[in-house]
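To start, the structure under review is shown below, and the notes come after it.
None of the figures in this text is laboratory data; all of them are computed from the coordinates on show. Predicted model only: the values in this text are computed from it and were never measured. Here the Cβ positions follow ideal geometry from the backbone for every residue, glycine too, while neighbour counts run over all protein chains shown.
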Amino acid sequence: MFLGLILALTPWYAQAQTISELLPLDGLNFFVNYDGSPAGAPDGYEVSYDPATQTISYVYPETESGYGYAGWDFRSGDLLNLSAFSALTVQLTASDFVDNTSIEFAVRYSGMDSDTKFNVESAANGPVTITMALDPSLKSAVEYIYIKSSKAGKLKIDKLSASQEGQLDLSFDEFNPGWHGNATYEYNSDLDLGIISFNGTGSGDNWIPWGWGNEGRNFGEYDYFELDFAEACSTDITIEISYNPENQYPQSIITAPAGSDFVALALNKDVPSEYLRPDNGELGGGIRDIVIRAQGNEPSILLVKRAYMAKGEVPVIPPVPYPDLIVTDITWDPANPVDGDQLNFAAKVENIGTLASPDGVKHGVVFHIYDANETEITATWSDNYFSSIAPGEAAWLKVKDVNATGENGEGTGNLWTYWTAGGPYYVQAQVNDTGDFTELDRSNNWSDFFEIKDLGTGIQSPSVQGNVYVENGILKLKGYSPSATATVYNVQGQEQKNDYLMNGIYIVKVIDNGNTSIHKVVAK
């Protein structure tokens, strides 16, 4: 697993390495102690940086505000060229602040009289993420980049990343921590990836969002959202985007099947990128929230390399080659049971997927049997089929199969004894019930309900050589000679005409070549 993870991360690390080379965290070389003045600022003001912990310390006189800077200075050599990127994002952890502080993450371009800044008002302590869009016409000549705090305290640089040209990375630090459904998130700095854990409680309840509410976010210049996985997702992953004003526009939704390496979703370009907020009359962003949802009830972990907005054509999620088994029919033997018969169930299993099911692996089927109230009374199973089923092909999987060659012999499931009392009875089958191999969709592994009855062919006596049944009210004989005769009686022993038999139970005497047999049949 870890080898695959490392290989999958190669492009992401390659990009991060480039940024690290341009802006090394152990190479901050620009410190200004107070309001633009270098060393020699008023007593008590000092800015320092510890490369071992990647922490900037801002020391100001008690109760005083300051404007200490720390960053990278390129004025003494070649200017920094950031043409390949559209934005920079710094993830910080604020500590030792006794009051809220204003933090600026800013860039100064060559020839400009003022800096381009992104300001954020943060809490006194805790995570802070700042994204700074780069000026397209000036980003090839950057003089310096800095991080500034207005109050005394410490800022640890957890991560510095860059969005590629035409893209804008979203930080997972912006996940709304109190608004989620049975999911948690943490960032692994060693692997440089996010880990989303879904606990699997309740189908559809496993989700985690970027939630901006009425404030919204303006992503009007981008065409789609993409989430890249460090390892193929183990369950279906759905992305849902909601828009402002709330409930005015339909959600954008897409699902990537299990086994996908990414999911991408087009933004609704009919939604304005900004709107007038109803709560305060100010401008808000057009996107209200982005939700990542894991489908199904199984706990799962999603390893995320990157989440970002991008321009251009939306990438198509490629179909994942997987088998996909369904149950299309159920039969039983004998087909026309009488009291005391032991039924051998069989399920017709078809592969509607794009990959053959694995050879040498058990293809199990469980048969659930229900009474007239559709309450399950027992179950049996087939565990004797170990052969591959090709796409578009089908196989019959039986409880007992004398021809089976699998490791379970003809099968360990039990035959079910049929009795008319307490009926009617129903049977439902589920293929791959124990999840012995991965499928595209296991939610479709259940069959419809089948009523255990004569299937329109009557009830056959065990002693009969042929078959006696009622079809459209007319008694039929199958497997007898053309000279065979049949006499029909009702349950009171009265002979009946065989022109049309009403619904009910009849006794039939068949004479064929001097041999007599008695049958009970049901007309329905």
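Taking 8 Å as the Cα distance limit and 6 or more residues as the minimum spacing, I'd like the relative contact order of segment 309-378 as a percentage. Don't jump to the answer; show the numbers that get you there.
Working: 70 pairs, mean separation 20.0, N = 70.
29 percent.
Count the net charge of all other residues whose Cβ sits under 10 Å from the Cβ of N125, scoring Lys and Arg as +1 and Asp and Glu as -1. Charge balance in the 10 Å sphere: 0.
The K524 and A356 beta-carbon pair, evaluated with R₀ = 45 Å, returns a calculated FRET efficiency of approximately 0.65.
Using only the Cα atoms of segment 224-284, build the gyration tensor, take square roots of its eigenvalues as a ≥ b ≥ c, and label the shape rounded, prolate or oblate: rounded if a/c is under 1.5, else prolate if a/b is larger than b/c, else oblate.
Numbers: a/c = 3.16, a/b = 2.95, b/c = 1.07.
It comes out prolate by the Cα gyration axes.
Taken one residue at a time, the phi angles of segment 420-429 give Karplus couplings (6.51, -1.76, 1.60, θ = phi - 60°) of 6, 4, x, x, x, 10, 10, 10, 9, 10 Hz. Gly and Pro are set to x. Quotient of the Cα radius of gyration of segment 174-310 and 2.2 N^0.38 Å, N being its number of residues: 1.06. Peptides 483-489, 382-388 ranked from most to least packed, by the mean per-residue count of other Cβ atoms within 10 Å: 382-388, 483-489.
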